[in-house]
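I have placed the structure first, in the form of structure tokens, so that the comments after it can refer back to it.
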Amino acid sequence: MSAMLDVQELRLEFKTARGRLKALNGITFGVEKGEVFGLVGETGCGKTVTGLSILQLLPPSAVVTGGAIEFETQNLLTLPADRIAQVRGGKISMIFQDPSSSLNPVFTIGQQMERVIRQHLGKSQAQARRQAEEMLAAVGLPDVRRILTSYPHQLSGGQQQRAMIAMAISCRPRLLVADEPTTALDVTVQAQILRLLNNLRASMGLSIILITHNLGVVAQTCDRLAVLYAGRVVETGVTRDIFTNPQHPYTSGLMAAIPSPGSRGMKLAAIPGAVPSNPGAVIGCPFAPRCALAFERCTVEAPPIVTVSAGHSAVCFLAKST
């Protein structure tokens with residue numbers, strides 16, 4: 001496989017009334033062609049901001065202060081607005097977290113899909129309508145002509161999510177960024193959406209970045225993953241390696257919090273404390289205040305990147321090479 005996306009030392013700050021908050025503090029990872037890559041962590045760890053940075057969909061208060069995002073050898077951070085507009089939707093698409101608030105309520109599904117197809121592919125309205133029908137059928141929606149003439153509020157949550165996926169793949173992008181695509185769905189529909197994404201990856205040759213806080217979803221879906229904490233990658237590697245040999249205490253804590261079949265009625269494990277509000281201002285390891293294994297060095301010195309095995313690394317003093 002050859003690299004499709006390469007994020008290097010990405011740093012981002014938000015301008016606020018209290019000054020600048022450092023949200024991303026050197027995010028580095030790569031996505032290969034045809035793979036599903038997971039970005040995992042709690043709310044506030046920087047997952048969604050990283051996804052929005054790739055597509056340059058950041059709010060005005062966000063300022064990228066360093067790093068590079070190379071997609072097929074082009075640094076997306078240096079492209080002018082018109083070139084980014086061509087990439088966005090055409091080569092890289094995003095499935096947003098909540099389809100009910102991301103789909104435009106005043107336009108039908110068909111109108112929204114046709115606009116995207118015509119803008120990026122230059123097709124006529126009739127051609128765009130036919131392609132929209134094909135994409136809706138590809139994501140498993142029945143009665144696609146009814147769906148095309150429906151407004152978002154007339155569809156169920158699962159149908160809205162499938163319609164959003166259809167819109168995202170309508171121009172046959174090379175990379176799909178899926179931000180918590182199953183959060184608002186029940187377990188049955190959640191499994192259907194994950195299966196759909198995997199089928200689309202196989203049939204279209206898509207690369208997928210799956211943003212989630214759910215390690216159970218990652219275990220079923222992702223080839224490799226990066227665990228984010230406080231705007232940093234604290235562990236990365238092949239999913240199987242990380243699940244069988246987690247090296248960062250935060251990763252271990254997330255795994256311990258996954259409910260098991262025999263845990264009914266038992267107290268769920270939890271990580272005490274919260275993600276720091278300004279992680280860039282933290283001295284030492286940002287996870288130290290919440291870590292049961294922390295010692296004095298963790299509070300005064302940034303931990304090193306330790307290569308655990310080929311393709312598996314962790315940022316922790318306690319990580320061990322195998």
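Values quoted throughout were computed directly from the atomic coordinates according to the rules given, and no laboratory measurement underlies them. Remember, it's a predicted structure, so these values are computed and weren't measured experimentally. No Cβ is skipped: glycine too gets one built from the backbone with ideal geometry, and neighbour counts run over all protein chains shown.
Summary value for the chain: 21 percent relative contact order, contacts being C-alpha pairs under 8 angstrom separated by 6+ residues. Fully extending the segment from Glu134 to Thr28, taken as 0.36 nm per residue of separation minus the present Cα-Cα distance, adds 34.5 nm.
Convert 25 °C to kelvin, take the viscosity as 0.890 mPa s, use the Kirkwood radius over C-alpha pairs of the stretch 250-316 as Rh, and evaluate the Stokes-Einstein diffusion coefficient in µm²/s, rounded to a whole number.
Here the translational diffusion coefficient equals 175 µm²/s.
With a simple spin-label model that places each label point 7 Å from the Cα along the Cα-to-Cβ direction, the separation between Thr65 and Gln119 comes to 3.2 nm. Under a Gaussian network description of the chain, with springs only between Cα atoms under 10 Å, the residue in Leu206, Leu141, Leu24 that fluctuates furthest is Leu141.
Each of Leu194, Leu225 was scored by other Cβ atoms within 10 Å of its Cβ. Listed from fewest to most, they are Leu194, Leu225. Along the stretch 170-175 the Karplus relation, 6.51 cos²θ - 1.76 cosθ + 1.60 evaluated at θ = phi - 60°, assigns HN-Hα couplings of 5, 9, 6, x, 8, 10 Hz to successive residues, with x for each Gly and Pro. Evaluated with a Cβ-only charge set (Lys, Arg +1; Asp, Glu -1), the stretch 102-172 carries a dipole of roughly 160 debye about its Cα centre, given to the nearest 20.
The simple Förster model, with R0 at 30 Å and r as the Cβ-Cβ distance, assigns Glu72 and Thr307 a FRET efficiency of 0.65. Each 5 Å bin, from zero up to the one with the longest distance, holds this percent of the alpha carbon pairs of the stretch 1-92: 3, 12, 23, 26, 20, 11, 4, 1, 0, 0. Taking every Cα-Cα distance in the stretch 102-172 and sorting them into 10 Å bins starting at zero, the pair-distance distribution P(r) comes out as 24, 60, 16, 0 percent.
For the chain, the longest principal axis of the C-alpha atoms and the axis of helix 125-138 are separated by about 50°.
Computed packing ranks the peptides 294-304, 214-224 as 214-224, 294-304, most packed first, by mean other Cβ atoms within 10 Å.
Measuring nothing but how far apart in sequence close Cα pairs (under 8 Å, 6+ apart) lie, relative to its length, the stretch 272-322 scores a relative contact order of 25 percent.
For the peptides 109-121, 308-320, the ranking by packing is 109-121, 308-320, with the highest mean count of neighbouring Cβ atoms within 10 Å listed first. For the pair Val300/Ala256, report the inter-label distance in nm, with labels modelled 7 Å from Cα in the Cβ direction. Distance between label points: 2.7 nm. Using 0.36 nm per residue and subtracting the Cα-Cα separation, the extra length available between Thr183 and Ile283 on full extension is 32.7 nm.
If a spin label sat at a point 7 angstrom from the Cα of Arg145 along the line to its beta carbon, the backbone N atoms of the stretch 101-127 nearer than 17 Å would be those of 109-111, 126-127. Computed over neighbours whose Cβ is under 12 Å from that of Gly26, the net charge equals +2, Lys and Arg +1, Asp and Glu -1.
Averaging over every viewing direction, what projected area does the convex hull of the Cα atoms of the chain cover, in nm²?
18.1 nm²
Phi angles of the stretch 213-228 translate, via the Karplus equation with coefficients 6.51, -1.76, 1.60 and θ = phi - 60°, into HN-Hα couplings of 9, 9, 5, x, 5, 4, 4, 7, 10, 8, 7, 9, 8, 10, 8, 9 Hz per residue; Gly and Pro are given as x. Computed from backbone phi with θ = phi - 60° and the Karplus coefficients 6.51, -1.76 and 1.60, the 3J(HN,Hα) list for the stretch 112-121 is 5, 5, 5, 4, 4, 5, 5, 5, 8, 10 Hz; x is used for glycine and proline. Sorting 6-18, 158-170 by their mean Cβ neighbour count within 10 Å, with the most densely packed peptide first, gives 158-170, 6-18.
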